[in-house]
Amino acid sequence: MGSIKNILQWMLAIGLCLGGAQAEPIRVMLLSGQNNHDWKKTSPLLKNIFEKAGNVELSVTERPDLLVAEDFQNIDVIVSNWNTVPKNSKVKEWPAPLKKAYVEFVKNGGGHLCVHAGSSSFYDWKEYHEISLMTWKHKRTTHGRQHVFPIRVDDEAHPVCKGWNPGQIRGELWRNIEVHPKAKVLASSFSAEHDGGSETWEPCVFVGQFGKGRCFATSLGHDVRSLSQPKVEEIFIRALQWVSHKR
């Protein structure tokens with residue numbers, strides 16, 4: 001209970017503008033509808049988590065492949081809980097005009113946030129992977145059973161992680177993630193040998209810049225149980241605030 005109270009106090013503190021003026025809403029588009037994880041449960045939960053940031057206007061699209069350039073004009077942040085991993089994925093590619101609009105949105109200052117496997121798509125699209133920061137690399141990235149593992153903050157000065165004390169978190173720990181060279185690692189998970197791990201610190205929280213746009217990605221948030229942890233909720237809220245340029 002104390003942890004939730006601290007999160008709310010932190011959000012209130014950073015959400016207030018000088019003179020007590022109401023902050024502008026963060027307009028979010030959540031991409032959903034296709035994922036090799038249970039998006040039908042995680043997307044509604046993500047919506048609830050982001051709305052805890054206060055003054056957030058969030059829309060959900062389950063057919064991101066049908067978006068057009070105009071759809072990006074009235075949003076501040078794209079959140080991806082969508083991918084093309086399943087062998088039976090109905091959508092495996094996006095039309096060229098959509099790809100161009102997507103890249104231009106971030107390049108011109110839009111925020112981008114990837115949840116867990118939300119970046120595991122379009123492996124031949126270089127700009128997408130620079131924006132997404134990290135991804136699951138086939139025949140290289142692995143994970144064991146879900147378990148509790150410690151997380152260390154590698155950059156305590158960055159606004160996303162400043163004051164964040166994750167301690168131990170339960171989830172799916174990814175090993176040998178494909179990390180874009182321009183991504184910055186903010187936090188890492190310890191992959192213990194007794195859990196079938198690498199006995200090393202594996203990066204798990206990332207930020208980056210693409211043109212004027214801010215980008216965030218994390219391997220945390222595998223399922224509802226993982227996302228429901230207060231410290232995981234907190235890092236997603238912090239990330240949304242940061243990529244939006246509005247908090």
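Would you list Phe105, Phe149 from fewest to most Cβ contacts within 10 Å?
On the way: Phe105 24, Phe149 20.
Going from sparsest to densest Cβ surroundings: Phe149, Phe105.
At a threshold of 8 angstrom on Cα-Cα distance, excluding pairs fewer than six apart, so keeping six or more, what relative contact order does the chain reach in percent?
Values: 504 pairs, mean separation 51.7, N = 247.
Relative contact order comes out at 21 percent.
If I stretch the segment between Asp223 and Glu104 completely, what's the gain in nm (0.36 nm per residue apart, minus their alpha carbon distance), one decimal?
Working: separation 119, 0.36 × 119 = 42.84 nm, distance 3.06 nm.
Residue separation times 0.36 nm, minus the Cα-Cα distance, leaves 39.8 nm.
Around Thr42, under 11 Å between beta carbons, what's the net of Lys plus Arg minus Asp minus Glu among the other residues?
+2
Taking springs between alpha-carbon atoms closer than 10 angstrom, which of Asp124, Asp155, Asp65 fluctuates most in the Gaussian network model of the chain?
Asp124
For Met134, Met29, which order do you get if you count the other beta carbons within 10 Å of each Cβ and list the fewest first?
Ranking Met134, Met29 by Cβ neighbours within 10 Å, fewest first, gives Met29, Met134.
Quickly work out the Asn176-to-Gln73 label distance, labels modelled 7 Å from Cα along the C-beta direction, and quote it in nm with one decimal.
Between Gln73 and Asn176, the simple spin-label model gives 4.7 nm.
Among the trypsin sites (Lys or Arg not before Pro) in region 53-161, which ones are in a DSSP loop with at most 12 other Cβ atoms within 10 Å of the Cβ? Mind listing them? Write out the running numbers ahead of the final one.
Working: sites: Lys87, Lys90, Lys92, Lys99, Lys100, Lys107, Lys126, Lys137, Lys139, Arg140, Arg145, Arg152; in loops: Lys87, Lys90, Lys92, Lys137, Lys139, Arg140, Arg145.
Loop-located and lightly packed - Lys87, Lys90, Lys92, Lys139, Arg140, Arg145.
Project the alpha carbons of the chain onto their principal axes and report the range along each, largest first, in whole Å.
49, 45, 32
Under 15 Å between alpha carbons, and skipping anything fewer than 8 positions from Lys90 in its own chain: which aspartates and glutamates qualify?
Answer for Lys90, where 15 Å is the Cα cut-off: Glu62, Asp65, listed by chain and number.
Would you kindly calculate the translational diffusion coefficient of region 35-99, applying Stokes-Einstein with the Kirkwood radius from alpha carbon pairs, for 20 °C and a viscosity of 1.002 mPa s, and quote it in µm² s⁻¹ without decimals? Display every interim value, and only then the final one.
Details: Rh = 13.5 Å.
The estimated diffusion coefficient comes to 159 µm²/s.
Ranked by Cβ crowding within 10 angstrom, fewest neighbours first, how are Ser132, Ser89, Ser121 ordered?
Numbers: Ser132 28, Ser89 14, Ser121 25.
Going from least to most buried by this count: Ser89, Ser121, Ser132.
No value in this document is a laboratory result; all are computed from the given coordinates. All values reported here derive from a predicted model rather than from experimental measurement. Glycine also receives a Cβ, built like all others from the backbone with ideal geometry; neighbour counts cover every protein chain displayed.
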